[in-house]
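Written out below as structure tokens is the structure these notes cover.
What follows is calculated from the coordinates using simple rules that are stated; it is not laboratory data. Here the structure is a predicted model, which is why all the values come from computation and not from measurement. In this analysis, Cβ positions are derived from the backbone assuming ideal geometry, glycine residues included, and neighbour counts consider all displayed protein chains.
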Amino acid sequence: MSRKLVGVTSCPTGIAHTYMAAEQLEKAAKKAGAKIKVETAGSIGVENGLSKKDIEEAEAVIIAADARVEMARFDGKPLKEVSVSHAIKKSAELIEEALDGNFKIYKAKE
Amino acid sequence: MNITDLINEQLIILNEDFDNKNDVIDKLAKRFEASDIINDIEGFKDAIKAREKEGSTGIGMGIAIPHAKSETVNKPALIFAKAKGEGVDFEALDDTLSDLIFMIAVPSGGENLHLKILQKLSRKLMHDEFRAALREASDPSSVLKILEEMDKEEQS
């Protein structure tokens with residue numbers, strides 16, 4: 001079974017970058033032999049939403065967003081937050097870092 | 001809705017010589033105006049520039065996607081411009097030049113069917129072979145063909 005990650009991408013206009021970042025993360029994960037489910041929060045609304053099970057099963061979480069993302073659900077997971085453009089350009093590095101277990105544990109505020 | 005509802009040969013510009021980012025925005029906005037896509041060119045350009053201020057839409061890989069969701073837009077549309085040579089300095093985040101430029105005009109409010117197509121295009125642009133095909137296209141009708149092929153594909 002391949003290793004699992006989850007991610008969320010979002011940008012202010014939600015027309016293009018959200019989906020570019022999602023595609024890049026999916027491509028990079030595939031290359032690394034892993035699977036990532038990416039929730040896209042664009043102007044169409046939230047698509048491919050992450051279930052509780054998805055989050056539980058994931059080794060790490062990548063948040064690539066320049067807009068607000070519902071964060072409390074990731075409490076206790078290894079997580080990294082980056083800008084959406086960073087995820088587009090550095091997807092391979094992000095995936096590698098996630099699989100190497102180099103993310104800090106996220107603690108939800110309040 | 002199909003991609004050809006958003007773009008046509010009048011909205012495809014090949015081997016254009018652009019001076020800089022502002023020149024790209026000027027020329028492409030004029031093209032939208034000529035096709036009656038926008039109703040207030042200055043207002044539209046302001047909206048495009050406001051988005052660029054939040055961070056350049058020159059995202060590397062030679063791609064720039066200046067876009068605006070604004071009431072200055074009559075109907076959703078897309079311009080594809082291939083800049084001459086290596087491309088134009090679109091103040092890309094990685095300091096590289098941009099040669100594949102998609103300008104996106106979206107009306108505020110209204111229906112969302114066009115967003116699905118733009119979503120597909122955004123994802124497709126991340127693929128090397130798709131960008132290579134766009135760079136090799138020598139006339140507007142071949143660009144349209146590439147975009148139509150993309151539109152027909154099932155989303156993977």
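With neighbour counts taken as other beta-carbon atoms within 10 Å, the residues B:SER35, B:SER108 rank, fewest first, as B:SER108, B:SER35.
Please tell me the relative contact order of chain B in percent, rounded to the nearest whole number, where contacts are Cα pairs under 8 Å and at least six residues apart.
Numbers: 265 pairs, mean separation 42.3, N = 156.
Relative contact order comes out at 27 percent.
Averaged across A:76-85, how many Cβ atoms of other chains sit within 10 Å of each residue's Cβ atom? Intermediate values should be presented prior to the final figure.
Details: counts 0, 0, 0, 0, 0, 0, 0, 2, 2, 9.
Per residue, the number of nearby Cβ atoms from other chains is 1 on average.
Taking label points 7 Å from Cα along the Cα-to-Cβ direction, A:LYS109 and A:ARG73 give a separation of 2.1 nm. Counted over segment B:3-151, the DSSP beta bridges are approximately 50% antiparallel. Each label point was placed 7 Å from the Cα along the Cα-to-Cβ direction; for B:ASN15 and A:VAL46 their separation is 5.0 nm.
On the beta carbon distance between B:ALA132 and B:GLU71, with R0 = 45 Å, the FRET formula returns roughly 0.75. Across peptide B:121-134, the mean count of Cβ atoms from other chains lying within 10 Å of each residue's own Cβ comes to 3. As an equivalent ellipsoid, the protein assembly as shown spans semi-axes of 33, 19, 17 angstrom, where each value is the square root of five times an eigenvalue of the C-alpha gyration tensor, largest first.
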